[in-house]
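**Student:** Take this structure first; my questions come after.
The values are calculated or read from the model by the stated rules, or taken from the named source; none is laboratory data. What you are looking at is a predicted structure, and each value in this text was computed from that prediction instead of being measured. Every residue, glycine among them, receives a Cβ derived from its backbone with ideal geometry; neighbour counts consider all protein chains shown. Surface accessibility is based on the protein's heavy atoms, side chains included, excluding ligands, DNA and RNA. Shrake-Rupley method; radii C 1.70, N 1.55, O 1.52, S 1.80 Å.
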Amino acid sequence: QVQLVESGGVLVRPGGSLRLSCAASGSDFSMYTMSWYRQAPGKQRDLVAQITRSGSTNYADSVQGRFTISRDNAKNTVYLEMNSLKPEDTAVYCCYVRIVNTNYWGQGTQVTVSS
């Protein structure tokens, strides 16, 4: 059974940094594109960053240059390094993978950016 478990979300001050982790189990995730999404209160869920199996990355314009997605296939873990955090980055951050026409989501981790 595929499971995605996020961790690392906390309250952080504007300008601060944070690293989120997504631990995956139940499949060989090295074969798939892994993604981070986020959803702020009252807003739709948006793509933040993606990393393909070859290591190519893609970012939302709003986080380009501040966030970095990476993966450790040996650990089946995907990371999201977040720098220069802004209040508008406040959201629940979720890990996502699509395997054989099935979407899998983690439960999410709350990131709050506030002074």
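**Student:** Once the convex hull of the alpha carbons of the chain is built, what does its volume come to per residue, in cubic angstrom?
**Tutor:** So the per-residue hull volume is 95 Å³.
**Student:** Further question: Semi-axes of the stretch 19-66's equivalent ellipsoid from the Cα gyration tensor, sqrt of 5 times each eigenvalue, largest first, rounded to whole Å?
**Tutor:** After scaling each eigenvalue by five and taking roots: 21, 15, 9 Å.
**Student:** Expressed as a rounded percentage, what relative contact order does the stretch 8-73 have, with Cα pairs under 8 Å and six or more residues apart?
**Tutor:** 21
**Student:** If I build a Gaussian network model for the chain, linking alpha-carbon pairs within less than 10 angstrom, which residue out of 100, 92, 12 has the largest mean-square fluctuation?
**Tutor:** Answer for the Gaussian network model of the chain: 100.
**Student:** Output ³J(HN,Hα) for the stretch 84-91: one whole-Hz value per residue in order, computed from phi by the Karplus curve 6.51 cos²θ - 1.76 cosθ + 1.60 with θ = phi - 60°, and x for Gly and Pro.
**Tutor:** 6, 5, 10, x, 6, 7, 4, 4
**Student:** Going 7 Å from the Cα of residue 53 toward and past its Cβ, which residues in the stretch 68-106 have a backbone nitrogen under 11 Å from where you end up?
**Tutor:** Counting backbone N atoms under 11 Å from the label point, the list is 100.
**Student:** When Lys and Arg each count +1 and Asp and Glu each count -1, what net charge do the other residues less than 11 Å away from residue 24, Cβ to Cβ, add up to?
**Tutor:** -1
**Student:** Quick one: dipole size for the stretch 59-115, taken about the Cα centre, charges +1 on Lys/Arg Cβ and -1 on Asp/Glu Cβ, in debye to the nearest 20.
**Tutor:** The calculated dipole for the stretch 59-115 is roughly 160 debye.
**Student:** Still on this structure, please answer the following. Pop out the ³J(HN,Hα) list for the stretch 66-79 in order, Karplus 6.51 cos²θ - 1.76 cosθ + 1.60 with θ = phi - 60°, rounded to Hz; leave Gly and Pro as x.
**Tutor:** 10, 10, 9, 9, 8, 9, 10, 5, 5, 9, 6, 10, 10, 10
**Student:** Given Cβ point charges of +1 (Lys, Arg) and -1 (Asp, Glu) and nothing else, what value in debye, to the nearest 20, does the dipole of the chain about its Cα centre take?
**Tutor:** 40
**Student:** On to the next question. Leaving ligands, DNA and RNA out of it, report the carbon-plus-sulfur percent of the accessible area of the chain at a 1.4 Å probe.
**Tutor:** The value for the chain is 44 percent carbon and sulfur by accessible area.
**Student:** Write down the accessible area per residue of the chain in Å², having rolled a 1.4 Å probe over the full set of protein chains.
**Tutor:** I get 54 Å² per residue for this part.
**Student:** Still on this structure, I have one more. Can you send over the solvent-accessible area of residue 11, 1.4 Å probe, protein chains only, in Å² to the nearest 10?
**Tutor:** 120
**Student:** Go through 26-33, 41-48, 73-80 and give me the packing order, highest mean Cβ count within 10 Å leading.
**Tutor:** Highest to lowest by the protection proxy: 73-80, 26-33, 41-48.
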